Amino acid sequence: GENVEQHPSTLSVQEGDSAVIKCTYSDSASNYFPWYKQELGKGPQLIIDIRSNVGEKKDQRIAVTLNKTAKHFSLHITETQPEDSAVYFCAASTYSGAGSYQLTFGKGTKLSVIP
Amino acid sequence: NAGVTQTPKFRVLKTGQSMTLLCAQDMNHEYMYWYRQDPGMGLRLIHYSVGEGTTAKGEVPDGYNVSRLKKQNFLLGLESAAPSQTSVYFCASSYILAGVGEQYFGPGTRLTVT
């Protein structure tokens with residue numbers, strides 16, 4: 001099955017600096033890579049995603065890059081703000097048979113933005 | 001729209017007791033999922049459903065059962081709770097098109113088994 005590795009597990013940055021979180025996946029058939037943000041006491045929420053036919057996608061201060069050859073993808077947050085502090089999860093979508101797809105999640109990165 | 005709701009929010013069980021967690025979604029999504037979240041382990045898929053009346057096993061299905069009798073509801077059952085099932089449980093739902101679809105998560109249920 002799919003295996004998703006995420007690094008680092010914790011990350012502290014000064015407000016205004018950039019943050020980068022990296023993930024690798026094992027299944028070359030994976031075709032969809034979302035990133036979720038989880039605030040304390042809440043469920044994860046999608047912040048950005050990328051499909052396997054795209055190399056980079058941006059949404060304001062957030063960007064995701066995908067290298068299919070190397071099987072890794074990264075989340076970039078620029079001009080970090082205290083409200084960016086949360087746990088971030090990467091995931092990869094794989095086909096699990098009978099027309100169904102599953103997401104395999106990384107173990108998460110706790111991002112702390114220091115004012 | 002309420003999105004995805006979960007009942008209850010918190011529960012404490014004694015070893016051997018049973019309970020059912022209820023998930024409801026009002027987005028007419030075909031797919032529904034149950035995950036558990038443990039410290040340092042991320043989100044692990046327990047069971048999922050690709051439509052009303054269907055269920056399938058995920059990564060960690062042992063000790064759990066599920067049912068999807070109505071499209072909008074997905075129930076997770078623990079027949080005989082064990083301390084290892086202490087966790088935060090999240091339900092999610094999604095549409096799927098060509099392997100792509102945002103999963104919408106509920107607020108979670110914090111379960112403690114003593």
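Our summary of shape: the Cα atoms of the protein assembly as shown have principal axis extents of 49, 40, 34 Å, ordered from largest down, in whole angstrom. What residue among B:Ser49, B:His29, A:Ile62 has its Cα farthest toward the positive end of the dipole of the protein assembly as shown, where the charges are +1 on Lys, Arg and -1 on Asp, Glu, each on the Cβ? Of the options given, the answer is B:Ser49.
In this entry, region A:70-115 is assigned a mean projected area of 4.6 nm², taken as a quarter of its C-alpha convex hull surface. Surface exposure of chain A, expressed per residue as accessible area with a 1.4 Å probe, stands at 50 Å². Relative contact order for chain A: 36 percent, from Cα pairs under 8 Å spaced at least 6 residues apart, divided by residue count. Neighbouring Cβ atoms from other chains, within 10 Å of the Cβ of residues in B:100-107, number 6 on average.
Total buried accessible area between A and B, probe 1.4 Å, nearest 100: 1700 Å².
Add +1 for every Lys or Arg and -1 for every Asp or Glu among the other residues with Cβ under 9 Å from the Cβ of B:Tyr95, and state the total. Counting the neighbours of B:Tyr95, the net charge comes to -2.
Take B:17-29, A:60-72, B:40-52 and order them by the average number of nearby Cβ atoms within 10 Å per residue, most first; the result is B:40-52, B:17-29, A:60-72. Using the Cβ-Cβ distance between B:Leu69 and A:Lys57 with R0 = 41 Å, the FRET efficiency computed as 1/(1 + (r/R0)^6) comes to roughly 0.60.
The calculated P(r) of chain B, using every Cα pair and 5 Å bins from 0, goes 2, 13, 24, 26, 19, 10, 4, 1, 0 in percent.
Number of Lys-Lys pairs in the protein assembly as shown with C-alpha atoms under 22 Å apart and a separation of 8 or more places or on different chains: 28. Using a Gaussian network model of chain B in which every pair of alpha carbons under 10 angstrom is joined by a spring, one finds that among B:Thr55, B:Thr86, B:Thr15 the greatest mean-square fluctuation is at B:Thr15. Shielding of peptide A:99-109 by partners, expressed as the average count of other chain Cβ atoms within 10 Å per residue Cβ, is 6.
Solvent-accessible surface of chain B, taken per residue with a 1.4 Å probe and all protein chains present: 46 Å².
Annotation note: GluC sites (Glu not before Pro) in region A:30-85 located in DSSP loop regions with a Cβ neighbour count of at most 12 within 10 Å are A:Glu39, A:Glu79.
The values are calculated or read from the model by the stated rules, or taken from the named source; none is laboratory data. Just so you know, these numbers come straight off a predicted model, no measurement behind them. Here the Cβ is made from the backbone with ideal geometry for all residues, glycine too, and neighbour counts use every protein chain on show. The protein model used for the area step is the full one, side chains on, heavy atoms only, and it has no ligands, DNA or RNA in it. Shrake-Rupley method; radii C 1.70, N 1.55, O 1.52, S 1.80 Å.
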